[in-house]
Every structure is written in structure tokens, then in C-alpha cells.
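So the structure is just underneath, and the comments pick up after that.
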Amino acid sequence: MNLTSATPPPERESCQGSGAPPLRHVARALVFDPQDRLLLIAYEAQRPIDPSKPEDRTFWFMPGGGLEPGESHAQACLRELGEEIGVFDAEIGPQVAACDGPFFLFPKPRDARERYFVVRLPSDEVDTSRLAETEDSTVLGTRWWTLHELDASGERIEPAGLARLARRIASGERPEPPVTLAWHQV
């Protein structure tokens, strides 16, 4: 993918009206290793994920983050991979999904406009030593997930449908147009 040809997104964050969380444009990567495992990052939510289990605050998310002024989604994705997992030269593949809407698990709620891109690494070697420094949320760790583990997990993995999408991509499918995913309900 040509990192300079994408149309720059609107402003990184803006308010949508009184009481609404700020709008944030985000690029994330479905990072696969050669064994088709997906890399996810565990975070601690700022509020209980399930009101019946207030101690349960762990959720898993893909590497990525907000766009800087003037960045395309693909440029932001590459920058974020360098910051979060120490991979500065990844080939950013096609956009395969989007997820738009309010998200409340990070410290600052946001009305997210997330775009998801495929990234295939030549090995499972990543450097997450700087990850906690780049995040405004508590990072609990990272993990390579097999497709079976993703399918069978009872863990909170955001967004809903990510396991199904990962399986499609691992099988060689490229959704066209990109699929629309949704956040789990809190």
C-alpha cells in the first residue's frame, strides 16, 4: 500500500456536541505472524466490563492508535506499530474492516472512527518494551493468539467479530468492501 496516497483524515479529535465524547480517528493493525497467530494487547478497562463481575476489567485490542495531524490511516498504522511493538518497516496491507461509535473502556471515552489493516510479519519477534510508555491506559501485556484460541476464548476481545474476521484473513480472503464491526456492549 502506498503510504502517501491516502486522503488525510479530518481532525484527529473534535467534539460532536455537548455530552458527546470527542471524535477520534484511529488506525489499527491485525498483526499476523507466520503461523497465522494474531497479536493482541491486554488493557485494563476504566470501568467494569460486566456489572455482575466488577473485578473483571481486562480487554484485548489490536496494536494501533490515533492519527496525528496530516497522517493517513496507513501512515498512522505504521508509526503506531513502531511505537508499540518495535516494528518500523512493516508492509501495511489492505483495510479489511472498520468500527465506528462510542468506546468507553479507555480512560478518555471517545467516538472512535477506527480503520483496520492487515500486517504480516516474517517472525513473531516484537519489542513491546516501550508499549506502556505510549499508552494512556494500563497495559497488562501482549499475546499471540491462535485462531482456535480466539474462537474459543471467553476473554473480552474488541471489537466484536474480530475472531471471525481474523479467520477469514488467515484463509486468504480480503473483504471488499471492508467489513463493519461493532463494539461489545458494556
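The values are calculated or read from the model by the stated rules, or taken from the named source; none is laboratory data. Bear in mind that the values here come from a model prediction, so they are computed numbers and not experimental data. A quick note on method: Cβ atoms are made from the backbone with ideal geometry, for glycine too, and the neighbour counts reach across all protein chains shown. In case anyone asks, the SASA skips ligands and DNA or RNA and just uses the protein heavy atoms, side chains included. Shrake-Rupley method; radii C 1.70, N 1.55, O 1.52, S 1.80 Å.
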With the structure loaded, tell me whether Asp89 is without any contact (Cβ under 8 Å) to a residue 24 or more places away in the chain, out of contact with any Ser or Thr (no Cβ under 7 Å at 6 or more places or on another chain) and within 22 Å of Asp36 (Cβ to Cβ) or whether it fails that test.
yes
Considering only segment 144-166, state which residues are in contact (Cβ under 8 Å) with a residue 24 or more places away in the chain, open to solvent by less than 80 Å² (accessible area, probe 1.4 Å) and of a type in the set (D, E, K, R).
Arg156, Glu158
Those residues that are in a loop (DSSP other than H, G, I, E, B) and of a type in the set (Ser, Thr, Tyr), I need them from segment 78-126; list them, please.
Ser123
Checking the structure you have, find out if any residue of segment 137-158 is in contact with a Cys (Cβ under 6 Å, 6 or more places away or on another chain) and modelled with pLDDT of 90 or more.
no
Does Leu78 satisfy being under 22 Å from Gly161 (Cβ atoms) and among the hydrophobic types (A, V, I, L, M, F, W, C)?
no
So how many residues does segment 124-143 have that are open to solvent by 40 Å² or more (accessible area, probe 1.4 Å) and either of a type outside the set (D, E, K, R) or on the phi > 0 side of the Ramachandran plot (or both)?
8
Boolean, Leu131 is over 19 Å from Cys99 (Cβ atoms) and modelled with pLDDT of 95 or more:
no
When only residues in segment 35-90 that are more than 16 Å from Phe106 (Cα to Cα) and of a type in the set (Ser, Thr, Tyr) count, which is most open to solvent (accessible area, probe 1.4 Å)?
Ser52
Could you figure out which of (1) in contact (Cβ under 8 Å) with a residue 12 or more places away in the chain; (2) open to solvent by 30 Å² or more (accessible area, probe 1.4 Å); (3) over 16 Å from Gln35 (Cα atoms); (4) charged (D, E, K, R) isn't true of Glu114?
(2)
Can you tell me which condition Arg168 does not meet? The list is (1) closer than 21 Å to Thr58 by Cα; (2) in a helix (DSSP H, G or I); (3) of a type outside the set (Asp, Glu), and all the others hold.
(1)
For segment 167-186: of the residues being modelled with pLDDT under 95 and open to solvent by 100 Å² or more (accessible area, probe 1.4 Å), which is nearest to the chain's Cα centre (by Cα)?
Gln185
